[in-house]
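K.L.:
First the structure, then my questions, so here it is.
Please treat every number below as a calculation from the coordinates, not as lab data. Computed from a prediction, not measured in an experiment: that's the story for all the values here. Cβ atoms come from the backbone with ideal geometry, glycine included; neighbour counts cover every protein chain shown.
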Amino acid sequence: LFVPKKEDRFTFGLWTVGNPGRDPFGLPVREGFTPVEAVHMLAELGAYGVNFHDNDLVPIDATPAEKERIVREFRQALEATGLKVPMVTVSLFTDPIFKDGAFTSNDPRVRAYAIRKTIESMDLGKELGAEVFVLWGGREGAEVDAGKDAVDSMKRYREAVNYLCEYSLSQNYGYKFALEAKPNEPRGDIYLPTTGAMLGLIATLDHPEMVGVNPEVAHERMAGLNFYHAAAQALEAGKLFHIDLNDQKMGRFDQDLRFGSDGIKEAFFLVKLLEDYNYKGMLHFDAHALRTEDRQGVVEFAKGNMRTYLILKEKVKRFNADPDIQALLAEINGRKLDLPGFDFKYSPESLQALRGMAVDRETIGAEGLNYEKLDQLTMEIIMGVR
Ligand code: GLT
Ligand code: MN
Ligand code: MN
Ligand code: MN
């Protein structure tokens, strides 16, 4: 029970299980799993795939011969285990050249290099079968707004994504790009700070159909937003190309906690969204084990993410099958449209009916909605007594 299988489509980043427990105040506490080790460990646990930044796999200063060897050994591990690489991304934040942004840097040399580095990551990803390309602009932002024009930054960001779309088309790569938002950290303020902001930008691109979002639980919550709502909007718009599952306390540094370990109720509604609406993309865990852990702790962490998802999926089934809950929902949603002549789609007839409609404000305003009971029943499902 609750044992992950390939069909569950669980993936991890090389940077997640590879994380050695370094933070801005402390040194590494463990050996992170190397790419080849990560492939074997994750395959054994029942994951479907691994994702990576170019430099999680190939160091930025590797020679062509080194790159060739690293990719060959990685590919051998993938072939031996059947693990897939469904997504790749690019580090546009680690190297000092990106200290004031990549696509939004004021320096055209930096912007051009960022595009070239991304293109080379797309090539690498294609070699290994990736279909989704994530762009997280960790350094696209500012502390000193006097130094960078925020309007120019939008134009530059758009220009870069347009370039990458054209490149993918020219190579017949078929990539789907997924833009990941974050409100802050490592920049004081990151541009396009929420999934909603990303959706707004996408509509202005040359190829909006090629670009969607990769929302992350922790990032929306850092901004004090409801992640379930953000993911729902993206899904409804047909833009949920990928998702980063993890957990986070509101208003803190980017914690990247194990999925479901903090905000269990929101995690439940997220799983419900993804399952009820048949999300078909990867379920990617972008989290890392606590700094208190050794390598065995990392394995427990990896297992825990997947197990929690599967447990919540089971809870969703219970919720959907619960007669008391369904009766309440039927009452809430079951109101007939006894509005003669009116339709929510505009027409002159509908408008005429709308104008003449009798509305009993007092009665409707006084109706109880029974949400207290519904919420308690939901909590009892989550808490495991129903
Ligand atoms: C980095 C960041 C994540 C992004 C990764 C992709 S890297 O760990 O904190 O949220 O998804 O660039
Ligand atoms: Mn994060
Ligand atoms: Mn992170
Ligand atoms: Mn992420």
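K.L.:
Ranked by Cβ crowding within 10 angstrom, fewest neighbours first, how are TYR228, TYR346 ordered? All intermediate terms of the calculation are to be shown ahead of the outcome.
P.N.:
Values: TYR228 20, TYR346 9.
Lowest to highest Cβ neighbour count: TYR346, TYR228.
K.L.:
Plugging the Kirkwood radius over Cα pairs into Stokes-Einstein for segment 115-162, at a temperature of 10 °C and a viscosity of 1.306 mPa s, what D comes out in µm²/s?
P.N.:
Using the Kirkwood radius from Cα pairs, D works out to 126 µm²/s.
K.L.:
Now a separate question. Express in % the proportion of alpha carbon pairs of segment 39-169 at distances exceeding 25 Å.
P.N.:
Numbers: 2780 of 8515 pairs.
Counting every Cα pair in segment 39-169, those more than 25 Å apart make up 33 percent.
K.L.:
Once Rh is set to the Kirkwood radius over Cα pairs, what Stokes-Einstein translational diffusion coefficient, in µm²/s, holds for segment 102-242 at a temperature of 25 °C and a viscosity of 0.890 mPa s? Write down the numbers at each step before the final one.
P.N.:
Details: Rh = 15.4 Å.
After rounding, the answer is 160 µm²/s.
K.L.:
If you don't mind, there's one more thing I want to ask. Using all alpha carbons of segment 184-294, what is the percent of pairwise distances in each 5 Å bin, ordered from the shortest bin to the longest?
P.N.:
Calculated over all Cα pairs of segment 184-294, the distribution is 2, 12, 22, 24, 19, 13, 6, 2, 1, 0 percent.
K.L.:
Let me ask something else. Go ahead and run the numbers for FRET between VAL359 and ALA327, Cβ-Cβ distance against an R0 of 35 Å, rounding to 0.05. Could the numbers behind the result be given before it?
P.N.:
Numbers: r = 27 Å, r/R0 = 0.77.
The formula returns an efficiency of 0.80 here.
K.L.:
Please report, largest first and rounded to whole Å, the three semi-axes of the ellipsoid equivalent to segment 325-386, where each semi-axis is the square root of five times an eigenvalue of the C-alpha gyration tensor.
P.N.:
Details: eigenvalues 246, 37, 12 Å².
Equivalent ellipsoid semi-axes, largest first: 35, 14, 8 Å.
K.L.:
If we sort 216-226, 92-102 on the protection proxy, mean other Cβ atoms within 10 Å, highest first, what's the order? Display every interim value, and only then the final one.
P.N.:
Working: 216-226: 21.8, 92-102: 18.6.
So the peptides 216-226, 92-102, ranked by packing, come out 216-226, 92-102.
K.L.:
For segment 257-386, go through all pairs of different Cα atoms, get the mean of 1/r, take its inverse, and jot down that Kirkwood value in Å.
P.N.:
On the way: mean 1/r = 0.0540 Å⁻¹.
Averaging 1/r across every pair of different Cα atoms and inverting gives 18.5 Å.
K.L.:
Sticking with this one: Rank ALA230, ALA47, ALA327 by mean-square fluctuation in a GNM of the chain with C-alpha springs under 10 angstrom and give only the top-ranked residue.
P.N.:
Highest fluctuation of the listed residues: ALA327.
K.L.:
So, one more: What pairs from LYS336/LYS373; LYS182/LYS345; LYS176/LYS345; LYS6/LYS317; LYS249/LYS317 go past 30 Å between their alpha carbons?
P.N.:
LYS182/LYS345; LYS176/LYS345
K.L.:
Could you grab the relative contact order for segment 76-149? Cα pairs under 8 Å, six or more apart, rounded to a whole percent.
P.N.:
Relative contact order of segment 76-149: 43 percent.
K.L.:
How would you rank 10-19, 147-156, 236-245, 275-284, highest first, on the average number of other Cβ atoms within 10 Å across their residues?
P.N.:
Working: 10-19: 24.5, 147-156: 14.5, 236-245: 21.3, 275-284: 16.7.
Per-residue mean Cβ counts within 10 Å order the peptides as 10-19, 236-245, 275-284, 147-156.
K.L.:
How would you rank 68-76, 288-296, highest first, on the average number of other Cβ atoms within 10 Å across their residues? Don't jump to the answer; show the numbers that get you there.
P.N.:
On the way: 68-76: 14.4, 288-296: 16.6.
So the order, starting with the most tightly packed, is 288-296, 68-76.
K.L.:
Within 14 Å, Cβ to Cβ, of LYS313, how many net charges do the neighbouring residues add up to if Lys/Arg are +1 and Asp/Glu are -1? Walk me through the numbers on the way to the answer.
P.N.:
Details: positive: LYS5, ARG9, LYS272, ARG307, LYS315, LYS317, ARG318; negative: GLU7, ASP8, GLU275, ASP276, GLU314.
Summing Lys/Arg as +1 and Asp/Glu as -1 gives +2.
K.L.:
Go ahead and set up a Gaussian network model of the chain, Cα springs under 10 Å, then flag whichever of SER347, SER105, SER121 fluctuates most.
P.N.:
SER347
K.L.:
Based on C-alpha coordinates, I'd like the Rg and Dmax of the chain, in Å.
P.N.:
When restricted to the Cα atoms of the chain, Rg and Dmax are 23.3, 78 Å.
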